[in-house]
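Contents: one structure, followed by commentary.
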Amino acid sequence: MLTRRAILAGLAVLLPARAFAQKPQRIGWLSAGSDPDPFLDGFREGLRKLGYVEGQNVVLETRHANGNLDALLAGAADLAQQRVAVVAASLTAVRAAKVLKDVPIVFTISGDPVAPGFAQTLSRPGGNMTGITFLSLEVAGKRVELLKQAVPRLRTLAALSNTDHPGEQAERRATAAAAQALGIDLVYVAFSQSPFGASPELDKALEAVRRAQPDAMVVFPDGATMANRDGIARFAITQRLPSMFGWSEYVEAGGLMSYGASQREAHMRLAVFVDKILKGARAADLPIEQPTKFELVINLKTAKALGLTMPETLLLRADRVVDSGV
C-alpha cells in the first residue's frame, strides 16, 4: 500500500510547479479620492511591468475614502485586518496610513515628508514609510518663469497657498524669490484647509485673490487644492486670471498651465518600492525619491476663454496641449 508521503511525492513530480506556488501577495491601496482612480491605474501599470498579475501572484485590496476622513481611517484599519504585506498610499492618504505602525507604507506626497514625521530624512527614512515627494523648490520658481512667458504683462502675481501643507513655507520663499528676480510683486494668499470636507477657508482665500486684482495666479499643489481644482479653475476663468498649477490634473480641470512631475509616472514608480519590499527590503532603508522629469501642460480652451494668445515658443516646448475643462 502506498503511503500518504509517497502519494504526495508522486504528485509533486506529475503536477506543474505552479500547483504548489505560494499564495498571491496581498497589497493595499489607500486613497482619499474616489474610483475610478487614475493614480491607481498608474500603480497597476507599474505592477504589471514588474511581472505582477492580479489574481495570480498578487491581490490588490483597494480602499477609497471619497473625500471623507473617517472613511479613510476606516480603510487604513481594514487593510491592517486584511494582513496586507505593504500599503501604497496616494497623496493625502499618507496621513491615515501613518497609523499602520506594523505595515510597510510606500507613499506619494506633495510636500515635505520629514516635517510631519513620516520619515527621519529623505536618504534614510528610518521607519515603516518611504516613497516619493513632489516638493521641488526649483520647480516652484520655474512655474513663475513660465507664467511670465505666457503673460508678458505680468506685474502682480497672487500665490494661493495652503498652510496645512508640509513644506509650504519653503515653497513660498522659492516662489517669492523667482517673482522678485522678474520684477513681479507677489501677493501671498494663505488658507488653512484639510483636503476633506467643505472648503470655507479656501472660499475666503479666493475672495481675497479677487480683491487683490492680480494679473495672474499660481496655485501650490496639495491635497486641498487638488480636491477643489474644478472650482479653482472656474474661479480663475471667471476672474480672467491666467493660472499656473503643479500637476496636469489641474489643467485637465480647466486651469491654464501646469509644470511639475507626472502623477501617473510617479504612481507607476511606487510599484518599484513595493517590489523591493516584497523581496525583503525594509522601508526604513529605501531612500525617498524626488522626480527628475517634469512636464509642461497647457490648456488651449482656457487660453481662448481668457483671450490669451499663447506664445509659439511656449507651445512648442509643451509636453502636452489639452482642450478640456470648464
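Per this entry, Arg269 is counted among residues that are outside the structural domain of Leu147 (by TED's automatic domain parsing) and either closer than 23 Å to Leu40 by Cβ or without any contact (Cβ under 8 Å) to a residue 60 or more places away in the chain (or both).
Just so you know, in region 241-282 the residues that are more than 19 Å from the chain's Cα centre (by Cα) and under 28 Å from Val59 (Cα atoms) include one that is surrounded by the most Cβ atoms within 10 Å (Cβ to Cβ), and it is Ile277. Yes or no: region 38-60 includes at least one residue that is among the polar types (S, T, N, Q), within 26 Å of Ser199 (Cβ to Cβ) and modelled with pLDDT of 90 or more. There is no residue in region 38-60 that is among the polar types (S, T, N, Q), within 26 Å of Ser199 (Cβ to Cβ) and modelled with pLDDT of 90 or more. Against the criterion of being more than 22 Å from Glu265 (Cα to Cα), under 21 Å from the mean Cα position of the chain (by Cα) and free of Cβ contacts under 8 Å to residues at least 40 places away in the same chain, Leu73 qualifies.
Only one entry of Val189, Val218, Val209 meets the criterion of being assigned to a strand (DSSP E or B), more than 23 Å from Thr309 (Cα to Cα) and not assigned by TED's automatic domain parsing to the domain that holds Ala115, and that entry is Val189. A single member of Tyr259, Tyr250 is assigned to a helix (DSSP H, G or I), more than 20 Å from Phe43 (Cβ to Cβ) and aromatic (Phe, Trp, Tyr), and it is Tyr250. Being in the same structural domain as Leu147 (by TED's automatic domain parsing), touching a Pro at 6+ places or on another chain (Cβ under 9 Å) and not β-branched (Val, Ile, Thr) is a description that does not apply to Asp203.
The listed residues are Gly67, Gly42, Gly55, and the only one of them that is more than 19 Å from the chain's Cα centre (by Cα) and either surrounded by fewer than 20 Cβ atoms within 10 Å (Cβ to Cβ) or assigned by TED's automatic domain parsing to the domain that holds Met268 (or both) turns out to be Gly55.
Checked against the criterion of being touching a helix residue (DSSP H, G or I) at 6+ places or on another chain (Cβ under 9 Å) and outside the structural domain of Gln180 (by TED's automatic domain parsing), the candidates Ser123, Ser90 yield just one match: Ser90. For Pro166, the conditions (1) out of contact with any helix residue (DSSP H, G or I) (no Cβ under 9 Å at 6 or more places or on another chain); (2) in a loop (DSSP other than H, G, I, E, B); (3) closer than 29 Å to Leu315 by Cα all hold with the exception of (3).
For Met244, the conditions (1) assigned to a helix (DSSP H, G or I); (2) in contact with a strand residue (DSSP E or B) (Cβ under 7 Å, 6 or more places away or on another chain); (3) hydrophobic (A, V, I, L, M, F, W, C) all hold with the exception of (1).
The values are calculated or read from the model by the stated rules, or taken from the named source; none is laboratory data. Here the structure is a predicted model, which is why all the values come from computation and not from measurement. Every residue, glycine as well, gets a Cβ built from its backbone with ideal geometry; the counts of neighbours run over all protein chains shown.
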